[in-house]
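Quick note: the coordinates plus some simple rules give every number you see, no bench work behind them. Values in this document were obtained by computation on a predicted structure and should not be read as measured data. Neighbour counts run over all protein chains shown; Cβ positions are idealised from the backbone, glycine included.
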Amino acid sequence: MGIENYMDIENKDELLKALLRDELVTLEALDPITGEKLFRLTDKGMEVFPIKKREIASRLSKDVYDLWQHDMVQVTFDEEDFARDTFTLTPSAYDVDKVLQLPSEVQVSLAIIKRGYEKAVAESSRA
């Protein structure tokens, strides 16, 4: 099974059904504000749709920039080592009215970042 099996599926809902059926994605969570379903690639999905670390970093940079433009994150730059730049979520990122005014793709990015943050906090509290 390869990526070509999914390239001809134009309907988004049908594509999602196929990806779920073939266990390439799994439901990660529901966005608590928008109710949007958040999916993640499974290990099997990563084999079919390999994503390079560079692509992930590029996407994350774009997402953080979009969120920064909407006052959802504050960025702290490390001028000596750009790999150590950090961002924190602002109170606006938790304001339901402000989040619902964001473009839908920015809402999804915010929800994924918040979900990752929550998972990291939960894991660190277990350690």
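In table form, for the structure just shown:
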| read-out | value |
| --- | --- |
| Degrees separating the helix 12-21 axis from the principal Cα axis of the chain, which is the longest one | 80 |
| Cα Rg over Rh - the chain, Kirkwood | 1.00 |
| Mean Cβ count within 10 Å, highest first, over the residues of peptides 66-73, 116-123, 89-96 | 66-73, 89-96, 116-123 |
| Under 15 Å, Cβ to Cβ, from ARG126 - net charge with Lys/Arg +1 and Asp/Glu -1 | -1 |
| Net charge of Cβ neighbours under 14 Å - reference PRO91; Lys, Arg +1; Asp, Glu -1 | -1 |
| Rounded to the nearest 20 debye, dipole of region 51-127 from Cβ charges on Lys, Arg, Asp, Glu | 440 |
| Lysine pair number, Cα distance threshold 22 Å (strictly under), region 47-123, separation 8 or more or different chains | 8 |
| Order of ARG126, ARG115, ARG59 under a 10 Å beta carbon neighbour criterion, fewest first | ARG126, ARG59, ARG115 |
| Förster radius 30 Å - calculated FRET efficiency between ASP81 and LYS119 (Cβ-Cβ, nearest 0.05) | 0.75 |
| Listed residues GLN74, ILE112, VAL64: farthest to the positive end of the dipole of the chain (Cβ charges) | ILE112 |
